[in-house]
Amino acid sequence: MNINDPQKFNLVLKETVEKRLGDGYDVSFSEVKKITESYPSLCIMNLCDGIGYNINLEQLYGYYREGKSTEECADEIIERITGALPFEVPDWLTDYDRVKPKLFIRVSDAEKNREILEDVPHHECEGLAVTCHILIHKGEEFASAMITKPFLKQYGISAEQLYEDAVKNSERIMPAQIVPLDAACRMDDSCYSSHALVLTNQDMINGAAVVFYPGILEETAGMLGESFWLFPSSIHEMIAFASERISHPDEAKEILTDANRTVVSEEEQLSDTVYFYDAEEHRLHKAA
């Protein structure tokens with residue numbers, strides 16, 4: 001049977017998964033909204049331990065269009081769930097003392113994510129939004145949970161305290177690294193590489209947030225020996241170009257926009273806004 005309608009595929013897949021999992025799971029449709037992406041999902045709740053899993057239906061329909069059967073797509077779901085790493089006790093996310101050592105920050109475009117941010121405690125700086133997340137697992141599969149306002153209320157702390165704790169803990173569990181652009185990209189030569197640095201974390205996942213670590217921008221200016229342009233090249237890193245290498249904000253904007261349209265995938269794009277860090281004033285601002 002060839003299913004050309006994604007909604008019909010979703011229904012068939014849901015029925016297949018329900019039969020395969022049995023009475024121990026509740027299977028329903030939901031909409032996942034995350035910073036940088038949203039997608040329709042199959043929400044599968046383990047009734048024994050209360051743990052839920054969201055499976056990206058758009059991704060699975062893509063597999064189906066590439067030749068996988070609905071049974072094989074169901075196999076993919078079953079494998080993900082049965083092979084998933086177990087959480088700690090179901091209520092551990094409500095215990096801030098246990099959550100605090102797992103906190104880290106992510107950065108996104110504030111305007112693009114305005115609707116989501118309404119329910120999320122966040123810190124804004126020059127059009128960038130810093131949100132706080134809980135690290136569930138780090139390895140081949142990176143899993144995390146975003147802290148929303150209901151969680152914050154349950155923790156009984158302020159948004160300012162959450163942000164402060166998340167930044168400090170990010171420095172510990174996701175240490176920053178600043179590397180030359182040519183080394184990071186394995187380039188033999190580049191008109192910018194000897195005067196450009198990549199700012200990210202040691203895992204190179206959600207590494208653009210390191211620019212909000214204390215002292216990172218000052219350290220970058222010290223390594224370049226001058227003020228610099230800062231390109232939010234993706235959610236995983238930012239690139240600092242020595243100010244002398246780019247003559248005008250329009251040139252910087254053109255370089256960044258072209259990269260976002262041709263190199264960076266849509267879900268990993270951060271912003272089309274170019275920033276400038278003034279080394280004398282120790283200030284980051286949008287380029288004119």
Of those in segment 132-153 that are in a strand (DSSP E or B), of a type outside the set (Gly, Ala, Ser) and within 15 Å of Met174 (Cα to Cα), the residue modelled with the highest pLDDT is Cys132
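Return yes or no: is Ser227 among the small types (Gly, Ala, Ser), within 22 Å of Cys125 (Cα to Cα) and crowded, with 20+ Cβ neighbours inside 10 Å?
On the way: among the small types (Gly, Ala, Ser): yes; within 22 Å of Cys125 (Cα to Cα): yes; crowded, with 20+ Cβ neighbours inside 10 Å: no.
When the stated conditions are applied, Ser227 does not pass them.
Please specify each residue of segment 261-283 satisfying the condition of being among the aliphatic types (A, V, I, L, M) and over 20 Å from Asn113 (Cβ atoms). Give the derivation first.
Step one: list which residues in segment 261-283 are among the aliphatic types (A, V, I, L, M), which gives 263-264, 270, 274, 279.
Val263, Ala279, listed by residue number.
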Counting only residues that are assigned to a strand (DSSP E or B) and of a type outside the set (A, V, I, L, M), segment 256-288 contains a total of 7
Within segment 230-255, restricting to residues that are out of contact with any strand residue (DSSP E or B) (no Cβ under 9 Å at 6 or more places or on another chain), without any contact (Cβ under 8 Å) to a residue 40 or more places away in the chain and assigned to a helix (DSSP H, G or I), the one that is surrounded by the most Cβ atoms within 10 Å (Cβ to Cβ) is Lys253
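A quick yes/no check of all residues on (1) hydrophobic (A, V, I, L, M, F, W, C); (2) closer than 23 Å to Gly215 by Cβ:
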site: His236; (1), (2): no, yes
site: Ile239; (1), (2): yes, yes
site: Glu254; (1), (2): no, no
site: Tyr277; (1), (2): no, yes
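If only one of Tyr192, Tyr213 is among the aromatic types (Phe, Trp, Tyr) and at pLDDT 90 or above, which one is it? So that I can check it myself, show each step before the final result.
Details: Tyr192 fails: at pLDDT 90 or above.
The unique qualifying residue is Tyr213.
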Here the qualifying pairs (Cβ atoms under 8 Å; residues six or more apart or on different chains; first in segment 215-229 and free of Cβ contacts under 8 Å to residues at least 24 places away in the same chain and in a loop (DSSP other than H, G, I, E, B); second surrounded by 13 or more Cβ atoms within 10 Å (Cβ to Cβ) and of a type outside the set (Val, Ile, Thr)) come out as Gly225/Ala242
Residue pairs within 7 Å by beta carbon, gap of at least six or interchain, first lying in segment 91-109 and surrounded by 19 or more Cβ atoms within 10 Å (Cβ to Cβ), second polar (S, T, N, Q) and part of a helix (DSSP H, G or I), listed first then second, are Leu103/Asn169; Phe104/Asn169; Phe104/Ser170; Ile105/Ser170
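Has segment 18-29 got at least one residue that is of a type in the set (S, T, N, Q), at pLDDT below 90, loosely packed, with under 15 Cβ neighbours inside 10 Å and over 21 Å from Ala145 (Cβ atoms)?
Of the residues in segment 18-29, the ones of a type in the set (S, T, N, Q) are 28.
Next cut, at pLDDT below 90 only: 28.
So of that shortlist, the ones also loosely packed, with under 15 Cβ neighbours inside 10 Å come out as 28.
Applying the additional criterion that residues be over 21 Å from Ala145 (Cβ atoms) yields none.
Checked segment 18-29: no residue is of a type in the set (S, T, N, Q), at pLDDT below 90, loosely packed, with under 15 Cβ neighbours inside 10 Å and over 21 Å from Ala145 (Cβ atoms).
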Pairing a residue in segment 262-288 that is modelled with pLDDT under 85 with any residue that is among the charged types (D, E, K, R), where Cβ atoms lie under 8 Å and the two sit 6 or more apart in sequence or on different chains, gives Glu267/Glu37
Over segment 92-138, the set of residues more than 20 Å from Ile157 (Cα to Cα) and touching a helix residue (DSSP H, G or I) at 6+ places or on another chain (Cβ under 9 Å) is Val107, Ser108, Ala110, Cys125, Leu128, Ile136, Lys138
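The values are calculated or read from the model by the stated rules, or taken from the named source; none is laboratory data. In this text, all values refer to a predicted model and were calculated from it rather than measured experimentally. No Cβ is skipped: glycine too gets one built from the backbone with ideal geometry, and neighbour counts run over all protein chains shown.
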